[in-house]
Structures are given as C-alpha cells and as structure tokens.
Amino acid sequence: SQKIEQNSEALNIQEGKTATLTCNYTNYSPAYLQWYRQDPGRGPVFLLLIRENEKEKRKERLKVTFDTTLKQSLFHITASQPADSATYLCALVSTGGGADGLTFGKGTHLIIQP
Amino acid sequence: EAGVAQSPRYKIIEKRQSVAFWCNPISGHATLYWYQQILGQGPKLLIQFQNNGVVDDSQLPKDRFSAERLKGVDSTLKIQPAKLEDSAVYLCASSSNTDEQYFGPGTRLTVT
C-alpha cells in the first residue's frame, strides 16, 4: 500500500544549527513533492515544491532535495531560529490525471531551542 | 489578497446530528479542496472541485458526507449523520494553476 513516512517524534535542534527533516515514501510515482509548515490552530502554509526531474530547490534558509531512486526528500532549515518551531508536513501528488489533491505525511514537530 | 475563509471556526455536536461547513476560496482560484485532519495526523483529501465540477471524491464517505460548490466559488461540506470518529479539523484549500495550495484556518469539529 502507499505510504508516506516522516520522523514521527519531535526533533529538537539548537538555535543556529541546521535542522534536517526526512520524508520517505513507498508505492508512489510522485509528479512533485511539497513541504508545508503548520502552526497550532492554523492551516498548513506552503513552503517549497520540487518536481520529479529536480534534485534540489532553495528558498532563503530553506533547501529541499528529492531522490526518486531512494524515494526520499530531505528538508533543511539552515541557521535555525526559535520562530522556525512548528510542524512540517511533506505532501505528494502522484503522476497523471487532473486530480492533484495532496497526500500528506503525519508531519514532524520541530522545536528550535534558544 | 484575502486568504481562504472558513466558518464556523469551532462546532460541537452530538452524534447522529448534522453539520455544515462553509468555505470561500481566494478570488479567482478555480480549484477547491476539502481535507480532514485528525489530531496527530496529516490532512487527508476528501474532495477536489475544479470550478463547480468534482475532480476527485474517491476518499469521501459518501454515505454521510456531501459537498457542493455552486457557481464555482463558495463551497459547503455537510456531514449527516455525524459519528464520533468524524471529530477532526476540516480544512479548505484553493489553488490557481501554480500547484501551490492555500489553506484556510479550518473548522474544528467535536462530536460527542
């Protein structure tokens, strides 16, 4: 069956360090992969999108990699700050068709400690 | 630019009652999605509309859930009758053709 796995436990990182979050998937052929941030009581907010033919994407302090052979995406936050503390969700859209609703992982709760 | 609006923000009902949620997407966004997010889980797609037509409702429990998007703008999601396991946050999202989805704040439903 199709599965998306993210670090289910909270990830504690010291301020200023790089936080690395992992997203693994099985039995998918994703057209692209997205990362969202979700704060308590709020809807997810889009961060980055990476397509199946791209290896890496950057936006300010954020970097995403996508390895379709390993079936894995890594999400990096460099120079992390306490304000980066949130739940980060990985989401996939499978190849083909007009339906492009997202399939989400459970999310990783990131805590940046001052 | 105004974001996705949802109402109500919170709703408490008893099991077997009915409930409806409303969503107003970002102006000009043709695609609208409803997701269900159970505590500790990622959002799960229930239904996708393109304008006022259904693109994907494969994960919508059609025996109790229904949704419509009249005139291709606002949308309502209804549950009738509600079960305890329907307790969740119901998120509405919209998109244009940029693949990025914009989410509303959600409606937190508690079924007792």
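The values are calculated or read from the model by the stated rules, or taken from the named source; none is laboratory data. Fair warning: this is a prediction, and the values are worked out from it, not measured in the lab. Cβ atoms come from the backbone with ideal geometry, glycine included; neighbour counts cover every protein chain shown. When the accessible area is computed, the model is the full protein with side chains, heavy atoms only, and any ligands, DNA or RNA have been set aside. Shrake-Rupley method; radii C 1.70, N 1.55, O 1.52, S 1.80 Å.
Quick one: would you say A:Thr69 is among the β-branched types (Val, Ile, Thr) and either open to solvent by 40 Å² or more (accessible area, probe 1.4 Å) or assigned to a loop (DSSP other than H, G, I, E, B) (or both)? Yes: the conditions hold for A:Thr69. For the stretch A:95-107, the tally of residues that are surrounded by 14 or more Cβ atoms within 10 Å (Cβ to Cβ) and either more than 14 Å from chain B (Cβ to nearest Cβ) or in a loop (DSSP other than H, G, I, E, B) (or both) stands at 7.
Results for (1) under 14 Å from the mean Cα position of the chain (by Cα); (2) within 11 Å of another protein chain (Cβ to nearest Cβ); (3) open to solvent by 30 Å² or more (accessible area, probe 1.4 Å); (4) among the β-branched types (Val, Ile, Thr), shown as yes or no for each residue.
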| site | (1), (2), (3), (4) |
| --- | --- |
| A:Ser1 | no, no, yes, no |
| A:Asn7 | yes, no, yes, no |
| A:Leu11 | yes, no, yes, no |
| A:Tyr32 | yes, yes, no, no |
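Rundown of residues vs (1) more than 14 Å from chain A (Cβ to nearest Cβ); (2) farther than 23 Å from A:Glu5 by Cα; (3) open to solvent by 50 Å² or more (accessible area, probe 1.4 Å), yes/no style:
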site	(1), (2), (3)
B:Gly28	yes, yes, yes
B:Gln36	no, no, no
B:Lys71	yes, yes, yes
B:Ile79	yes, yes, no
B:Leu84	yes, yes, yes
B:Asp99	no, no, no
B:Thr107	no, yes, no
B:Val111	yes, yes, no
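Looking across the stretch A:81-94, the residues that are surrounded by fewer than 21 Cβ atoms within 10 Å (Cβ to Cβ) and either at pLDDT 95 or above or touching a His at 6+ places or on another chain (Cβ under 7 Å) (or both) come down to A:Gln81, A:Pro82, A:Ala83, A:Asp84, A:Ser85, A:Ala86, A:Thr87.
Here the condition is being without any contact (Cβ under 8 Å) to a residue 24 or more places away in the chain, open to solvent by 20 Å² or more (accessible area, probe 1.4 Å), within 15 Å of the chain's Cα centre (by Cα) and within 14 Å of chain A (Cβ to nearest Cβ); of B:Gln41, B:Gln50, it holds for B:Gln50 alone. Every test in (1) within 15 Å of A:Leu47 (Cα to Cα); (2) open to solvent by less than 50 Å² (accessible area, probe 1.4 Å); (3) more than 7 Å from chain B (Cβ to nearest Cβ) is passed by A:Ile112 save one, and that test is (1).
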